[in-house]
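Comments concern the structure below.
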Amino acid sequence: MKVPISVGDIVEAASLQLVVTATTGATHIDARALAQRGVPLLTLKGEKQVLQALTPAAELSWSLVMACARRLRPAIAHVDAGRWNRVEFPGLMLKGRVIGIIGMGRIGGWMTRYAVAFGMEVVYFDPFVKQAPENTRAVSLEELVSIADVVSLHVHATDENKNLLNRELIAKFKSGAIFINTSRGELTDEQALVEALQAGRLGAVGVDVLSGEPDIIHNPLWHYAQENDQVVITPHIGGFCPDAVDHVVTFSCNRILEYFHASAKGVGE
């Protein structure tokens with residue numbers, strides 16, 4: 001019987017000196033194994049200057065809002081099947097509706113701009129933002145899910161906020177609400193989302209992330225989407241645009257050069 005190789009063993013065998021990822025999140029990297037061996041891990045988190053110019057993840061998030069509000073998945077399939085009956089696809093007019101943004105960081109800020117342009121009221125929950133941005137109102141997480149027609153999640157996944165939107169909060173969603181998640185699947189109770197869809201509590205769900213990805217065939221939300229068209233799922237493509245990728249990869253490569261240049265300089269001194 002083969003003994004599984006640990007991530008720590010791989011780190012040790014590779015003689016790594018530095019790990020750099022061109023992403024803000026790093027749940028795909030065993031940070032603990034790196035820390036135990038003194039290997040620095042550099043992400044894009046906190047790099048406001050390079051991140052502020054990047055909009056693809058926010059643009060995809062808004063695309064999912066639109067896809068859910070206008071039932072694009074079943075409407076496109078309807079036409080692909082050679083049919084043309086618009087009365088089967090009544091849409092949700094966003095103007096005058098409430099969007100609740102969980103996490104008023106970079107992406108949350110762009111979502112606010114888009115929502116205001118569409119004539120929506122913006123409420124948000126973010127305990128780390130001390131002053132409400134223009135055209136927004138801070139509320140508790142419980143109030144947000146209870147009043148928002150659209151709930152959009154934009155926070156980093158950590159051990160502390162895993163399952164942030166738990167079964168109890170999902171049960172408090174406004175009837176018929178749309179839920180969007182382009183952060184991480186582990187931030188939500190996906191089985192509870194399925195049950196809320198089945199009960200009509202949720203009107204639609206649009207996600208770019210699933211817990212356990214890329215192994216998704218056992219994911220409850222993916223299973224539900226196979227026979228129910230209120231769910232729109234994309235394969236974690238939020239930040240995947242060539243111009244944006246070039247931007248962050250160039251920045252990350254320069255960080256590698258700067259790190260080893262500084263290390264060499266330190267040795268020389």
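The values are calculated or read from the model by the stated rules, or taken from the named source; none is laboratory data. Only a predicted model underlies this, so the values are computations on that prediction, with no experimental measurement involved. Cβ placement follows ideal geometry from the backbone for every residue including glycine, while neighbour counts extend to all protein chains displayed. Just the protein is used for accessible areas: all its heavy atoms, side chains included, with ligands, DNA and RNA removed. Shrake-Rupley method; radii C 1.70, N 1.55, O 1.52, S 1.80 Å.
Okay, helix-only estimate at 222 nm for the chain: each DSSP H run of n ≥ 4 adds -39500 (n - 2.57), divide by all residues, round to 500 deg cm²/dmol; what do you get?
It comes out at -11500 deg cm²/dmol, rounded to the nearest 500.
Hey, any idea what Rg/Rh is for segment 1-150, computing Rh the Kirkwood way over Cα pairs?
Radius of gyration over Kirkwood radius for segment 1-150 works out to 1.13.
Quick one, can you get me the convex hull of the C-alpha atoms of segment 139-269 expressed as volume per residue in Å³?
158 Å³
Using heavy-atom solvent-accessible surface (probe 1.4 Å) with all chains present, what is the largest-first order of Lys130, Lys174, Lys48?
Lys130, Lys48, Lys174
Who wins for biggest fluctuation among Leu34, Leu257, Leu44 in a Gaussian network model of the chain, springs between alpha carbons below 10 Å?
Comparing Leu34, Leu257, Leu44 in the GNM, the peak value goes to Leu257.
Can you list the HN-Hα couplings for segment 107-120, worked out from phi with the Karplus curve (6.51, -1.76, 1.60; θ = phi - 60°), rounded to whole Hz and with x for Gly and Pro?
Couplings: 5, x, x, 5, 4, 4, 4, 5, 5, 4, 4, 8, x, 9 Hz.
Pick the calculated percent of Cα pairs over 28 Å apart for this structure from [x] 42; [y] 37; [z] 54?
[x]
Got a number for carbon plus sulfur as a percent of segment 173-269's accessible area, 1.4 Å probe?
58 percent
Regarding segment 161-223, what are the three Cα extents along the principal axes, ordered largest first, in Å?
31, 25, 16
Helix 242-268: angle to the longest alpha-carbon principal axis of the chain, degrees 0 to 90, nearest 10?
Helix 242-268 sits roughly 20 degrees off the main axis of the chain.
Cα gyration tensor of segment 51-95, axes a ≥ b ≥ c as square roots of the eigenvalues: rounded (a/c below 1.5), prolate (a/b > b/c) or oblate?
Oblate, since a/c reaches 1.5 and b/c is not below a/b.
Could you work out how far apart the two model spin labels at Val116 and Glu160 are, taking each label as a point 7 Å from the Cα in the direction of the beta carbon, and quote it in nm?
With each label placed 7 Å out from Cα toward Cβ, I get 2.9 nm.
State in Å² the accessible area per residue of the chain; use a 1.4 Å probe, count heavy atoms of protein chains only, and round to the nearest integer.
Ligands and nucleic acids excluded, the result is 57 Å² per residue.
So what is the relative contact order for segment 2-158, in percent, with contacts set as C-alpha pairs under 8 Å and at least six apart?
Contact order relative to length: 19 percent.
Among Leu42, Leu144, Leu197, which one moves the most in a GNM of the chain with springs linking Cα atoms closer than 10 Å?
Answer for the Gaussian network model of the chain: Leu42.
For Ala138, which sequence-distant residues (separation of 5 or more, or a different chain) have an amide H within less than 5 Å of its own amide H, given hydrogens modelled in the peptide plane?
Tyr124
Working with all protein chains in place, sort Tyr114, Tyr259 by solvent-accessible area computed with a 1.4 Å probe, largest first.
The ranking, largest first, comes out as Tyr259, Tyr114.
Would you work out the relative contact order for segment 157-263, in percent, from Cα pairs under 8 angstrom that are 6 or more residues apart?
The value is 22 percent.
What residues have an amide H closer than 5 Å to that of Phe179, excluding those fewer than 5 places away on the same chain, when H is modeled at 1.01 Å from N in the peptide plane?
Answer set, sorted by chain and number: Val151, Ala204, Val205, Gly206.
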